[in-house]
1. Taking the range 40-51, which residues are of a type in the set (D, E, K, R) and surrounded by 13 or more Cβ atoms within 10 Å (Cβ to Cβ)?
2. Return the total of residues in the range 52-79 being under 27 Å from residue 5 (Cβ atoms) and open to solvent by 30 Å² or more (accessible area, probe 1.4 Å).
Amino acid sequence: MNNLDKWNAQFVFGLGDIVDYNILTEPGLTEQWEIAAAQIKRMNGLVPYSVIRGNHDEVGNFNKYFPMEEYRDVIGGSFNGDM
C-alpha cells in the first residue's frame, strides 16, 4: 500500500487468476484464496479496485472470499445476484 501515493494510483485493475491452481484438479486448497483475499482487501477504503475471476478461479471460492455483501455498495449490479 506504500506505493499508492508514489505512483498516484487512481484504480487497481484485477486481471483474473487470483489463485494459480485449478480447484477441479486440486480440490480443498484454500490457502491461496485466504492469502489473496486478505491482501486484496488491504486496498479497501484506499483505492478503488476490480476483482475478476480467471480460468483457475472457481466460482464457489470466489463468492466465498469475495462475497457480494462486502461489495454491494460499490458495484452497480451482478449476474445472478452473486459475484
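1. Passing the criteria: only 41.
2. Total meeting the criteria: 5.
The values are calculated or read from the model by the stated rules, or taken from the named source; none is laboratory data. Since this is a predicted model, take the numbers as computed values, not measurements. Don't worry about glycine lacking a Cβ; one is built from the backbone with ideal geometry, like all the others, and counts go over all protein chains shown. Keep in mind that these areas ignore ligands, DNA and RNA; they rest on the heavy atoms of the full protein, side chains included. Shrake-Rupley method; radii C 1.70, N 1.55, O 1.52, S 1.80 Å.
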